[in-house]
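Rule-based calculations on the coordinates, nothing more; no lab input. If you're wondering where the values come from, they're calculated on a predicted model, not measured in any experiment. Every residue, glycine as well, gets a Cβ built from its backbone with ideal geometry; the counts of neighbours run over all protein chains shown.
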């Protein structure tokens, strides 16, 4: 399968789905994931997810607000998880079909384009 690149996915629009379409085959999912670094399957391949560590609580909430606005615009809504005040996880799947469709990868690519102030590793030496 020749999967669309992340850039190609961001130019697409999520299409309304009320069910009745098949979920993507595992090979299709794998091909699409190769173009979305950081995303992986979860829930036995029925969902995709990505994790970030925001710089602080407000950076995490700012990111969630931007994801929420995008999701509303696309008509495709992910699950948003915040743990430990800055550990952010976004999980996407097409609820109406109980699995993955191209919409999920379109939304994931667009989420990747949203900036998040991430926690930087502290590598300073202690005297």
Quote the FRET efficiency, to the nearest 0.05, computed for residue 114 versus residue 41 with a Förster distance R0 of 25 Å and r equal to the Cβ-Cβ distance.
-> 0.70
At R0 = 22 Å, FRET efficiency that the Cβ-Cβ distance of residue 51 and residue 8 yields, to 0.05 = 0.35
A correct Stokes-Einstein calculation for the range 43-97, using the alpha-carbon Kirkwood radius, 10 °C and 1.306 mPa s, returns a whole-number D in µm² s⁻¹ of 134
Semi-axes of the equivalent ellipsoid for the chain, Cα gyration tensor, largest first, Å | 28, 16, 13
Within the set 88, 15, 29, GNM on the chain using Cα springs under 10 Å gives the largest fluctuation to 15
Under the helix-only model (-39500 (n - 2.57) for each DSSP H run of 4 or more, divided by the residues of the chain), the mean residue ellipticity at 222 nm, to 500 deg cm²/dmol, is -10000 deg cm²/dmol
